[in-house]
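Here the structure is laid out as structure tokens; the discussion comes afterwards.
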Amino acid sequence: MAEAVVSREEIYEALKTVYDPEIPVNVVDLGLIYDVQVNDSDVYVQMTLTFPGCGMGPYIGQQAEWAIQELDGVEEVQIELVFDPPWSPDLISEEARNQLGI
């Protein structure tokens, strides 16, 4: 298998620029990113939302796709929204907890 053009770390850094409009924390620190896979120039991201009926879901998914697409060497980006396992506040990073005061 050829070495990936873009690293998982670069993907996570790009995703840290994507925010839930209702919470001033990026999607990585919120714990919304479940999986990132890189296959050459193709990127697959499995993510969730803070709740399944979140009206901002398509917007957040689009923002994530655009952020990754900006990276050099990325051809295809697939964002899959999943709700199993369901998101919980336990997934929020320590840094984000401090930021939110929880």
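Here are a few things to note about the model shown:
- The chain - percent of accessible surface contributed by carbon and sulfur, probe 1.4 Å: 48 percent
- Spin-label model distance (nm) - Q62 vs S41, 7 Å beyond Cα toward Cβ: 2.5 nm
- Calculated from backbone phi, Karplus (6.51, -1.76, 1.60) coupling profile of segment 86-102 in Hz, x at Gly/Pro: x, 5, 9, x, 4, 7, 6, 5, 4, 4, 5, 4, 5, 4, 8, x, 10
- Tilt relative to the chain, helix 57-69 - C-alpha long axis, 0 to 90 degrees, to 10: 40 degrees
- Remark: relative contact order (the chain) = 31 percent; criterion is Cα-Cα distance under 8 angstrom and separation of 6 or more residues.
- Fraction of beta bridges assigned by DSSP in the chain that are antiparallel (%, nearest 5): 55 percent
- Neighbour-limited loop hits for GluC sites (Glu not before Pro), segment 2-102 (at most 16 other Cβ within 10 Å; DSSP other than H, G, I, E, B): E3, E22, E70, E75
- With all protein chains kept in place, the per residue accessible area of the chain amounts to 58 square angstrom at a probe of 1.4 angstrom.
- Cβ-derived FRET efficiency at R0 22 Å, Y19 paired with E75, nearest 0.05: 0.30
- Neighbour cut-off at most 16 other Cβ (10 Å), DSSP loop, chymotrypsin sites (Phe, Trp or Tyr not before Pro), segment 6-102: F83
The values are calculated or read from the model by the stated rules, or taken from the named source; none is laboratory data. Bear in mind that the values here come from a model prediction, so they are computed numbers and not experimental data. No Cβ is skipped: glycine too gets one built from the backbone with ideal geometry, and neighbour counts run over all protein chains shown. When the accessible area is computed, the model is the full protein with side chains, heavy atoms only, and any ligands, DNA or RNA have been set aside. Shrake-Rupley method; radii C 1.70, N 1.55, O 1.52, S 1.80 Å.
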